[in-house]
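The next block holds one structure in the form of structure tokens; read it before the comments.
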Amino acid sequence: VQLQASGGGLVQPGGSLRLSCEASGTIFSIYEVGWFRQAPGKQRELVASINPDGMTYYTDSVKGRFTIARDNAKKTVNLQMNRLKPEDTAVYYCRLYYSDSAQYWGQGTQVTVSS
């Protein structure tokens with residue numbers, strides 16, 4: 001299983017970015033898919049997730065600003081991030097989760113929110 005994350009970059013506060021994660025080598029539709037982030041000196045945290053039935057979860061700090069969506073046919077999951085704040089700066093990782101012994105991580109993509 002391979003995950004390829006893309007879409008990170010430098011954006012000003014209030015701007016938008018769209019992260020994408022494309023999977024290969026597996027049946028994508030059976031996995032819960034999540035986006036995590038890790039800022040310097042902090043633990044990795046779950047930002048948003050979407051399960052096989054389409055139910056979503058967002059951490060409180062991104063509710064109303066971020067939207068997660070999956071396309072099972074294309075084996076992709078996107079994270080639309082709007083009204084970005086400096087505290088959103090982190091390396092963002094996508095993860096496929098089926099069980100503790102069947103989870104896969106992407107390589108991470110840097111998001112920097114700064115003026």
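The values are calculated or read from the model by the stated rules, or taken from the named source; none is laboratory data. Given the structure is predicted, the values throughout are model-derived calculations rather than measurements. Neighbour counts run over all protein chains shown; Cβ positions are idealised from the backbone, glycine included. With ligands, DNA and RNA removed, areas are computed over all heavy atoms of the protein, side chains included. Shrake-Rupley method; radii C 1.70, N 1.55, O 1.52, S 1.80 Å.
Tabulated data
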| read-out | value |
| --- | --- |
| Cβ-based net charge around A23, under 14 Å, with every Lys or Arg adding one and every Asp or Glu removing one | +1 |
| Cα shape, the chain, gyration tensor, a/c 1.5 rule | prolate |
| Summed residue charge, Cβ within 15 Å of C94's Cβ, Lys/Arg positive, Asp/Glu negative | +3 |
| Karplus 3J(HN,Hα) series, Hz, for region 102-115 with 6.51 cos²θ - 1.76 cosθ + 1.60 (x for Gly, Pro) | 9, 9, 9, 10, x, 7, x, 9, 7, 10, 10, 10, 7, 8 |
| Accessible area of region 8-92 divided out per residue, in Å², using a probe of 1.4 angstrom | 53 Å² |
| Summed residue charge, Cβ within 10 Å of R37's Cβ, Lys/Arg positive, Asp/Glu negative | 0 |
| Cut-off under 5 Å, modelled amide H: who pairs with T89 long-range | V113 |
| Peptides ranked, highest mean first, by Cβ atoms within 10 Å: ranges 31-43, 62-74 | 31-43, 62-74 |
| Relative contact order computed over region 8-94 (Cα-Cα under 8 Å; 6+ residues apart), in percent | 39 percent |
| Rounded if a/c under 1.5, otherwise prolate or oblate - region 58-115, Cα gyration tensor axes | prolate |
| Residue-wise HN-Hα coupling along region 44-54, computed from phi with Karplus coefficients 6.51, -1.76, 1.60 (Hz; x: Gly, Pro) | 5, 10, 6, 9, 7, 8, 9, 8, x, 8, x |
| Extension gain, K42 back to L10 (0.36 nm per residue minus Cα-Cα distance, nm) | 9.5 nm |
| Sulfur and carbon atoms: percent of accessible area, region 1-45 [1.4 Å] | 45 percent |
| Relative contact order for region 1-53, counting Cα pairs under 8 Å that sit 6 or more residues apart, in percent | 28 percent |
| Interchain or long-range residues, amide H under 5 Å from V47's placed H | W35, F36, R37 |
| Cα→Cβ-extended label distance, 7 Å offset, between K74 and S29, nm | 1.7 nm |
